[in-house]
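A quick write-up on the structure given underneath.
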Amino acid sequence: MATQPPNVPDPSLVLRVTDADRRAFEWVAHRQSRLLDYAMPRLTHMGDDGSLWAWTAVGLALLGGRRGRRAARAGLLTLALVSPIVNGPIKWVVRRPRPQIDVVPEVRRIRRTPRTTSFPSGHSASAWCFSVAASLQAPIVAPVLIPMAAAVAYSRVYTGAHYPGDAVAGSIMGAAIAAWLGPELSAFGARMDGWGERLTDAW
């Protein structure tokens with residue numbers, strides 16, 4: 001009985017790339033814009049390791065008063081929950097192959113194709129989970145954060161890192177988890193702050 005070669009995913013576990021997703025990826029790859037060619041690679045790499053959202057949280061906490069601090073706390077706590085789930089178990093189970101990056105103009109390609117599988121987009125999930133969770137606590141920042149999240153998700157397709165379906169799925173997952181758990185995580189963080197203040201006062 002033949003055995004599956006090592007390092008080859010079980011075909012039953014691979015999410016197939018549909019013709020529609022492939023055509024959509026190639027359509028984006030053939031769009032040309034000097035502005036996007038400059039901006040999208042920089043934006044997508046700012047999202048590496050959550051650094052974009054960490055600095056956004058710092059800005060909210062410093063400039064947004066009490067509501068800004070709540071928004072920063074909700075965004076970071078939700079991000080800390082979502083990112084390991086999306087970039088770990090889900091990718092391990094689905095194991096969808098990355099796009100063929102050769103069709104993307106070299107000037108705007110990501111620096112290195114990630115070693116992880118493609119579905120879902122972790123950058124998109126992180127962008128939407130932070131932005132939705134923070135916006136629920138401080139709706140005034142939504143007009144800035146939501147377009148920023150959408151731009152990060154699009155940048156993952158524009159630079160060749162993901163198929164559009166990966167970015168859409170990651171965005172939906174991140175936004176849904178943020179809407180579901182963001183307020184609870186923010187309340188938990190507030191309680192932790194209160195306990196810390198009481199402990200500090202006791203000392």
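The values are calculated or read from the model by the stated rules, or taken from the named source; none is laboratory data. Computed from a predicted structure; not experimentally measured. All Cβ positions, even for glycine, are placed from backbone atoms using ideal geometry, and neighbour counts span all protein chains on display.
Please determine whether any residue of the stretch 101-110 is of a type in the set (Asp, Glu), surrounded by 24 or more Cβ atoms within 10 Å (Cβ to Cβ) and within 20 Å of Asp48 (Cβ to Cβ).
The answer is no; no qualifying residue exists.
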In the stretch 49-83, residues that are in contact (Cβ under 8 Å) with a residue 40 or more places away in the chain and either among the acidic types (Asp, Glu) or not in a helix (DSSP H, G or I) (or both) total 1
Task: Test: residue in the stretch 35-55 that is surrounded by 11 or more Cβ atoms within 10 Å (Cβ to Cβ), closer than 19 Å to Val86 by Cα, touching a Ser or Thr at 6+ places or on another chain (Cβ under 6 Å) and modelled with pLDDT of 90 or more - done: yes
| Does the stretch 17-30 contain any residue that is outside any helix (DSSP H, G or I) and modelled with pLDDT of 90 or more? | yes
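Tell me which residues, restricted to the stretch 97-136, are in a loop (DSSP other than H, G, I, E, B), within 15 Å of Pro164 (Cα to Cα) and either at pLDDT 95 or above or among the charged types (D, E, K, R) (or both).
Correct list: Arg98 only.
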Exactly one of Val152, Val144 is in contact with a Leu (Cβ under 8 Å, 6 or more places away or on another chain), assigned to a helix (DSSP H, G or I) and within 30 Å of Arg67 (Cα to Cα), and that residue is Val152
Hey, any hits in the stretch 75-91 for a residue that's over 15 Å from the mean Cα position of the chain (by Cα), modelled with pLDDT under 90, of a type in the set (Lys, Arg) and buried (at least 18 other Cβ atoms within 10 Å of the Cβ)?
no
For the stretch 15-32, pairs from a residue that is under 15 Å from Val104 (Cα atoms) to a residue that is among the hydrophobic types (A, V, I, L, M, F, W, C) and at pLDDT below 95, with Cβ under 8 Å and 6 or more apart or across chains, are Phe25/Val103; Glu26/Val103; Ala29/Val103; Ala29/Val104; His30/Val103
